[in-house]
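The values are calculated or read from the model by the stated rules, or taken from the named source; none is laboratory data. All values reported here derive from a predicted model rather than from experimental measurement. Because the Cβ atoms are built from the backbone with ideal geometry, glycine has one as well, and the counts that use them run over all protein chains shown.
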Amino acid sequence: MVSGPSSLPTRARRLPTAVKIVIAGGFGVGKTTMVGTVSETKPLRTEEILTDESVGVDDISGVEKKKTTTVAMDFGRITMRDEYVLYLFGTPGQERFWFMWDEVALGALGAIVLADTRRLSDCFPSVDYFERRGTPFIVAVNCFQGARQYDLAEIQLALNLGPAVPVMLCDARSLDSCKQVLIDLVLHAMKTRGLAPNQEEPQNA
Ligand SMILES: Nc1nc2c(ncn2[C@@H]2O[C@H](COP(=O)(O)OP(=O)(O)OP(=O)(O)O)[C@@H](O)[C@H]2O)c(=O)[nH]1
Ligand SMILES: [Mg+2]
């Protein structure tokens, strides 16, 4: 007897849920790095070389070794437990490209605001933006070498975040660390939006 679709196990019948996630934050905070670390496909990048022309326009203090910058967006994809396909959109960090944020953020389930404690105030515009839009977000502090370590509570206070906004440490170069940030964001966004997760929560991508 040939089995019809109705006899397949539930997991095999369900298509993964497509979810759009935005990765935002200030200039040079590690957005492109994070998308590249987790993407299971070759990430799309729109990097341009920082030239002398940008001196005085782009503030590269703290990231003086940075040679390129995102001018439109990053794009990558990661599947979690065959349940969710996360489409990752990294925003351009520099102020002169902020006009693109509305396009990038449209329809997103939630956002990661990456922060660098050496230049914490650079993530204020991203925090303000997602607060105003009502998009659930979490703050992930990318731990650059040499940067002073702060308590998460100190960072929460410094960014004037409500207690419901999760703050966590991460390393944008580490796959496990980036996956954990994504899992925390998806769970937070679903809870905030009152959505029920698929049968199993997206743990252990
Ligand atoms: N030590 C350390 N360096 C990092 C980390 N993440 C990124 N970098 C480096 O920091 C620089 C900035 O990284 P990008 O990923 O280009 O930053 P971005 O946020 O995409 O920058 P813009 O698009 O220009 O705003 C690069 O030289 C990375 O190699 C990190 O976790 N630790
Ligand atoms: Mg970038």
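State the number of residues belonging to the stretch 63-76 that are part of a loop (DSSP other than H, G, I, E, B), within 11 Å of ligand 2 (Cβ to nearest atom) and in contact with a strand residue (DSSP E or B) (Cβ under 8 Å, 6 or more places away or on another chain).
Of the residues in that region, 2 qualify.
Limited to the stretch 117-141, what total is found for residues that are under 17 Å from Glu154 (Cβ atoms), in contact with a helix residue (DSSP H, G or I) (Cβ under 9 Å, 6 or more places away or on another chain) and modelled with pLDDT of 95 or more?
The qualifying residues number 4.
Is it the case that the stretch 59-76 has a residue that's more than 16 Å from ligand 1 (Cβ to nearest atom), farther than 24 Å from Ala105 by Cβ, exposed (fewer than 13 other Cβ atoms within 10 Å of the Cβ) and at pLDDT below 85?
no
Among (1) in a strand (DSSP E or B); (2) among the hydroxyl-bearing types (Ser, Thr, Tyr); (3) closer than 30 Å to Glu64 by Cα, where does Thr79 come up short?
(3)
Which condition number in (1) at pLDDT below 90; (2) assigned to a loop (DSSP other than H, G, I, E, B) is the one that Glu40 fails?
Evaluating Glu40 over (1) at pLDDT below 90; (2) assigned to a loop (DSSP other than H, G, I, E, B) leaves (1) as the failure.
Can you spot a residue in the stretch 127-136 that is of a type in the set (A, V, I, L, M) and buried (at least 17 other Cβ atoms within 10 Å of the Cβ)?
Yes, because at least one residue in the stretch 127-136 is of a type in the set (A, V, I, L, M) and buried (at least 17 other Cβ atoms within 10 Å of the Cβ).
Of all the residues that make up the stretch 88-102, how many are at pLDDT 90 or above and surrounded by fewer than 16 Cβ atoms within 10 Å (Cβ to Cβ)?
Total satisfying the criteria: 1.
If you check every pair at least six apart or on different chains, which have Cβ atoms under 6 Å apart with a residue in the stretch 63-76 that is over 11 Å from Gly90 (Cα atoms) first and a residue that is of a type outside the set (Phe, Trp, Tyr) and within 6 Å of ligand 1 (Cβ to nearest atom) second?
Close Cβ pairs satisfying both conditions: Val63/Gly28; Lys66/Gly28.
Quick check, is Val2 β-branched (Val, Ile, Thr) and at pLDDT 90 or above?
no
In the stretch 5-24, what residues are buried (at least 18 other Cβ atoms within 10 Å of the Cβ) and either away from ligand 2 (no atom under 16 Å from the Cβ) or at pLDDT below 95 (or both)?
Val19
Taking the stretch 113-163 as the region of interest, how many residues are aliphatic (A, V, I, L, M), over 15 Å from the mean Cα position of the chain (by Cα) and either assigned to a helix (DSSP H, G or I) or farther than 26 Å from Arg193 by Cα (or both)?
Residues in the stretch 113-163 being aliphatic (A, V, I, L, M), over 15 Å from the mean Cα position of the chain (by Cα) and either assigned to a helix (DSSP H, G or I) or farther than 26 Å from Arg193 by Cα (or both): 7 in total.
In the stretch 92-115, how many residues are under 20 Å from Ser177 (Cα atoms) and within 13 Å of ligand 2 (Cβ to nearest atom)?
Residues that pass the stated criteria total 1.
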